[in-house]
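Structure record follows, encoded as C-alpha cells.
The values are calculated or read from the model by the stated rules, or taken from the named source; none is laboratory data. None of these values were measured; they are calculated from a predicted model. Glycine gets a Cβ as well: all are built from the backbone with ideal geometry, and neighbour counts include every protein chain shown.
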C-alpha cells in the first residue's frame, strides 16, 4: 500500500512521523510520498522520515493508493481540482482522506471525481506526542477494509473514534478545539499559583499531572465527572469554595459559549 500527502505542515508532519516512527507500525517511509506548496518543507519532512518528496501533487497522486489532503480548508478549492485529472487517470480510485476542518463529505465529493471513496478525519495537536483524539467518518464508497487502513494510520498518533458526520462538528469542538481550552485552564491555574508565590514551571508541572490524573479517573473509574466533584468537596471544606466561585463566575456558561462559537464557525467553514 502506498500513501501520499498533499501538504507538509505541522499536522501532516505529526501523522507521517507517527506512521514511520511507531515501534509497532507496519508503515515504511519509502511507501510515503509528500509534496508541499514550496516543496522545501516536503523535502525536509521526507528526509526526517525516510519518505519521498515530490515536486507536484500530480506526482503524489500517481504514486498513491491512499491520498491525504493535509492543506488548510480554504485551500481545498484551489488544490483539489488540480489533482482531479490525475485521480481519474488511475485504474483504481485512490482512497482520499481529508483532515480539513469543517469541509463535509458532500463538499469534498463536489471537488473530486465521481466514485471517489472519501474519509474525513479530525486529529488534534496532541498528535505531535502520539496522544491525539481523532474522529473519522466516511462516504458510502469506503469499504470496511479501507476504514481499517485509515484507523491504523491514525492510531499511530493516538486514539480513533468513528463519528456520524452529522455529529462531526460536535467532535471538532470536544476532540479538537477543546485542547486549547485545556491548555488555557492549565496556564490560568499555573499563573494563579505564580501570583501566590510558587514558581510557574513547578506549578504547571503539578497542574498538568493533576489534569492527566483526573482524565484517567474519568476514563478508568467509569464514574461521571460531577459525582467525582462531590467526592472531592467535603462539607465546609476548601474545594467547595473554589467550585462555587467558578460557578458564580460563569465557568460552565463560558465553556458552553466557547463550544457554541466553535461549532458555529465549523458550520460556516462547511458552506
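Here is the figure for the range 142-151: residues that are surrounded by fewer than 16 Cβ atoms within 10 Å (Cβ to Cβ) and not in a helix (DSSP H, G or I) total 1.
When residues in the range 110-123 are screened for being part of a helix (DSSP H, G or I) and under 23 Å from residue 1 (Cβ atoms), 0 of them pass. Report whether or not residue 102 is at pLDDT 95 or above, over 17 Å from residue 16 (Cβ atoms) and within 19 Å of the chain's Cα centre (by Cα). The answer is no for residue 102. Here residue 152 meets each of (1) in contact with a strand residue (DSSP E or B) (Cβ under 7 Å, 6 or more places away or on another chain); (2) assigned by TED's automatic domain parsing to the domain that holds residue 96; (3) touching a residue at least 40 places away in the same chain (Cβ under 8 Å) with one exception, condition (1).
Would you confirm, using the coordinates I've provided, whether residue 130 is at positive phi and under 21 Å from the mean Cα position of the chain (by Cα)? For residue 130, the condition - at positive phi and under 21 Å from the mean Cα position of the chain (by Cα) - is met.
Across the range 160-186, the qualifying residues are those that are touching a strand residue (DSSP E or B) at 6+ places or on another chain (Cβ under 6 Å) and exposed (fewer than 15 other Cβ atoms within 10 Å of the Cβ), and the one among them that is nearest to residue 118 (Cα to Cα) is 162. Against the criterion of being within 30 Å of residue 66 (Cα to Cα) and in contact with a helix residue (DSSP H, G or I) (Cβ under 7 Å, 6 or more places away or on another chain), residue 125 qualifies. Among helices (runs of 4 or more DSSP H) entirely within the range 1-63, having at least 2 residues that are in the same structural domain as residue 94 (by TED's automatic domain parsing) and closer than 17 Å to residue 150 by Cβ singles out 10-21. If the condition is being exposed (fewer than 14 other Cβ atoms within 10 Å of the Cβ) and part of a helix (DSSP H, G or I), then the range 89-109 contributes 89, 106. If you go through the range 71-88 and keep only what is touching a strand residue (DSSP E or B) at 6+ places or on another chain (Cβ under 7 Å) and surrounded by fewer than 22 Cβ atoms within 10 Å (Cβ to Cβ), you end up with 76, 79. Within the range 152-193, the set of residues being closer than 16 Å to residue 99 by Cβ and not in a helix (DSSP H, G or I) comprises 156, 157, 158, 159, 160, 161, 162, 163. Inclusion of residue 190 among residues that are at pLDDT 95 or above, within 26 Å of residue 260 (Cα to Cα) and in contact with a helix residue (DSSP H, G or I) (Cβ under 9 Å, 6 or more places away or on another chain) is not warranted. Just to be sure before I move on: is residue 91 touching a strand residue (DSSP E or B) at 6+ places or on another chain (Cβ under 6 Å), assigned by TED's automatic domain parsing to the domain that holds residue 10 and farther than 22 Å from residue 137 by Cα in the structure I sent? The answer is no for residue 91. Taken over the range 202-257, the criterion of being in a loop (DSSP other than H, G, I, E, B), touching a helix residue (DSSP H, G or I) at 6+ places or on another chain (Cβ under 9 Å) and loosely packed, with under 11 Cβ neighbours inside 10 Å is satisfied by 224, 234.
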